[in-house]
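Enquirer: Sharing a structure here in structure tokens format.
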Amino acid sequence: MRVILFGPPGSGKGTQGDLVEKRYGLPKVSTGDLLRQAVRDGTPLGRRGEALMNQGLLVSDDIVEGLVRERIARPDCRRGYLLDGFPRNPAQVKILDAMDGTRPEFVIEIVVPPEVIIGRLANRRVCAQCKAIYSLVNCPPRVEGRCDVCGGPLGQRPDDKPEVIAERLRVYQDETAKIREHYLGKNVYHAVDGGGSVEEVFGRIEALLDGALRETDTGKAQA
Ligand code: AMP
């Protein structure tokens with residue numbers, strides 16, 4: 001089984017992806033995380049992608065294709081995996097099908113209105129060391145500017161600046177929302193209301209996935 005989680009920037013797909021990974025034992029493959037790691041490591045792919053990411057634009061399909069191909073070939077993905085942030089346009093849907101086309105799919109779009117997104121992203125802070133995520137409004141750190149988990153400094157993602165947020169939302173509407181039609185046509189598309197607390201949203205996702213995953217060999221992780 002492959003779960004594809006998509007939604008506009010700030011819809012909480014990264015956070016929800018982590019919870020799905022923990023609950024169902026499906027490794028989360030996040031192209032955003034893989035790209036940010038490549039930028040930090042200063043790899044050739046990271047250097048090619050960095051400027052585009054900082055402007056809120058998509059990096060080229062061949063860059064993400066290489067990252068995903070390498071990641072899903074690892075043994076932990078044999079029984080299934082969760083994709084966060086890929087595919088992000090119709091061309092990437094085709095790339096994914098060509099890469100691993102026979103796996104059953106379950107697609108979830110987390111739906112959040114633009115005005116909520118702008119507020120969420122402007123208030124998001126990320127630990128520079130362990131990457132823990134905070135919200136200055138809903139989930140502030142105990143000590144201002146410091147990570148509760150590791151004490152590292154908190155900062156803002158370069159693409160969470162207001163002018164870049166607007167561009168990312170435009171890219172979502174123009175590119176990513178198109179993949180909805182494709183998965184609707186395949187009868188594997190499900191929309192989830194992304195409003196409310198993290199737990200409330202996860203409850204909605206869980207209600208959908210419990211049924212779907214029961215029918216496959218992907219059981220819940222032994223927590
Ligand atoms: P995310 O963490 O998913 O919001 O992704 C952050 C940024 O990484 C995006 O704004 C893009 O610049 C880039 N990115 C992530 N996934 C993809 C993808 N599938 N295709 C192209 N660019 C991507």
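The values are calculated or read from the model by the stated rules, or taken from the named source; none is laboratory data. Just so you know, these numbers come straight off a predicted model, no measurement behind them. Note: ideal-geometry Cβ built from the backbone for every residue, glycine included; neighbour counts use all protein chains shown. Keep in mind that these areas ignore ligands, DNA and RNA; they rest on the heavy atoms of the full protein, side chains included. Shrake-Rupley method; radii C 1.70, N 1.55, O 1.52, S 1.80 Å.
Enquirer: Positive end of the charge dipole of the chain (Lys, Arg +1 and Asp, Glu -1 on Cβ, about the Cα centre): tell me which of 130, 102, 173 has its Cα farthest that way.
Expert: The one lying farthest along the dipole's positive direction is 130.
Enquirer: Can you tell me the FRET efficiency between residue 33 and residue 149 if r is taken as the Cβ-Cβ distance and R0 is 22 Å, rounded to the nearest 0.05?
Expert: According to the calculation, E is roughly 0.85.
Enquirer: Would you calculate the separation in nanometres between label points at residue 122 and residue 208, each defined as 7 Å from the Cα along the Cα-to-beta-carbon direction?
Expert: The answer from the label model is 2.9 nm.
Enquirer: Label points 7 Å out from Cα along the Cβ direction at residue 129 and residue 181: separation in nm?
Expert: Going from the residue 129 label point to the residue 181 one covers 4.9 nm.
Enquirer: If you plug each phi of region 5-15 into the Karplus form 6.51 cos²θ - 1.76 cosθ + 1.60 with θ = phi - 60°, what whole-Hz ³J(HN,Hα) values come out, in order, with x for Gly and Pro?
Expert: 10, 9, x, x, x, x, 7, x, 5, x, 5
Enquirer: Quick one: net charge of residue 5's neighbours, Cβ under 11 Å, K/R +1, D/E -1?
Expert: With Lys, Arg at +1 and Asp, Glu at -1, the neighbours total -1.
Enquirer: Let me ask another. Can you compute the helix-only [θ] at 222 nm over the chain? Use -39500 (n - 2.57) per DSSP H run of at least 4 residues, normalise by all residues, nearest 500 deg cm²/dmol.
Expert: -14000 deg cm²/dmol
Enquirer: I'd like the Karplus ³J(HN,Hα) series for region 186-197: coefficients 6.51, -1.76, 1.60, θ = phi - 60°, whole numbers in Hz, and an x wherever there's a Gly or Pro.
Expert: The phi angles translate into 8, 6, 10, 8, 9, 9, 10, 5, x, x, x, 6 Hz.
Enquirer: Let me know the charge dipole size of region 51-99 about its Cα centre in debye, to the nearest 20, where only the beta-carbon of Lys, Arg (+1) and Asp, Glu (-1) is charged.
Expert: 200
Enquirer: A follow-up question, please. Could you give the accessible area per residue of region 35-80, probe 1.4 Å, as a whole number in Å²?
Expert: I get 58 Å² per residue for this part.
Enquirer: In region 20-139, carbon and sulfur make up what percent of the accessible area (probe 1.4 Å)?
Expert: 56
Enquirer: I've got another one for you. Placing +1 at every Lys and Arg Cβ and -1 at every Asp and Glu Cβ, with all other atoms neutral, what dipole size does region 103-223 have around its Cα centre, in debye to the nearest 20?
Expert: Using only the charged Cβ atoms, the result is roughly 340 debye.
Enquirer: Still on this structure, please answer the following. If amide hydrogens are placed 1.01 Å from N in the peptide plane, which non-local residues have theirs closer than 5 Å to the one on residue 85?
Expert: 5
Enquirer: Using all alpha carbons of region 88-198, what is the percent of pairwise distances in each 10 Å bin, ordered from the shortest bin to the longest?
Expert: Going from the shortest bin to the longest, the percentages are 12, 32, 30, 21, 4.
Enquirer: Along each of the three principal axes of the Cα atoms of the chain, give the extent in whole Å, ordering the values from largest to smallest.
Expert: 46, 37, 34
Enquirer: Please state the shape class of region 25-71: rounded when a/c is under 1.5, otherwise prolate if a/b exceeds b/c and oblate if not, all from the C-alpha gyration tensor. Working shown, then result.
Expert: Details: a/c = 1.70, a/b = 1.64, b/c = 1.04.
Judged from the Cα gyration tensor, region 25-71 comes out prolate (a/c at least 1.5, a/b above b/c).
Enquirer: On a C-alpha basis, how far is the centre of region 1-29 from the centre of region 134-157 in Å? Whole number, if you could?
Expert: When both Cα centres are located, 22 Å separates them.
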